[in-house]
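Each reported figure results from applying straightforward, stated rules to the coordinates on display, with no laboratory input. This is a predicted model, so every value here is computed, not measured. Cβ sites come from the backbone with ideal geometry, for glycine too, and all protein chains shown count toward neighbours.
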Amino acid sequence: MDIKFPKRDNLNQNKENFKNKFNEQLELLVKIKEDLIEMKRYEEASVYRDMEVKFKEWKTHINRK
């Protein structure tokens, strides 16, 4: 007999959804940064680069949990 834990299943699904959305946001940040660099707006691009680095750090932290 297999015991079901709906709250745990829901938690795991929510975590997975969070990770997927987080990855989408990271990809979008990379695209924005690339567009800004092409436009020679290095100062603005550096802000997005910093955000990208932070997102990657957070992603690593999230994946360890």
(Q) What lysines does K7 reach when the alpha-carbon gap must be under 20 Å and sequence neighbours fewer than 8 apart in one chain are set aside? (A) K15, K19, K65
Q) Taking the Cα atoms only, what angle lies between the long axis of helix 6-38 and the longest principal axis of the chain, rounded to 10 degrees? A) 10 degrees
Q. Quick one: length gained pulling L26 to I3 fully straight, 0.36 nm per residue minus the C-alpha distance?
A. 4.6 nm
Q.
Along the charge dipole of the chain, pointing to its positive end and built from +1/-1 on Cβ of Lys, Arg, Asp and Glu, which listed residue (T60, I37, I3) has its Cα farthest out?
A. I3
Q: Measure nothing fancy, just the Cα-based angle from helix 42-64's long axis to the longest principal axis of the chain, in degrees from 0 to 90, nearest 10.
A: 20 degrees
Q | Taking N as its residue count, the alpha carbon Rg of the chain over 2.2 N^0.38 Å | A | 1.58
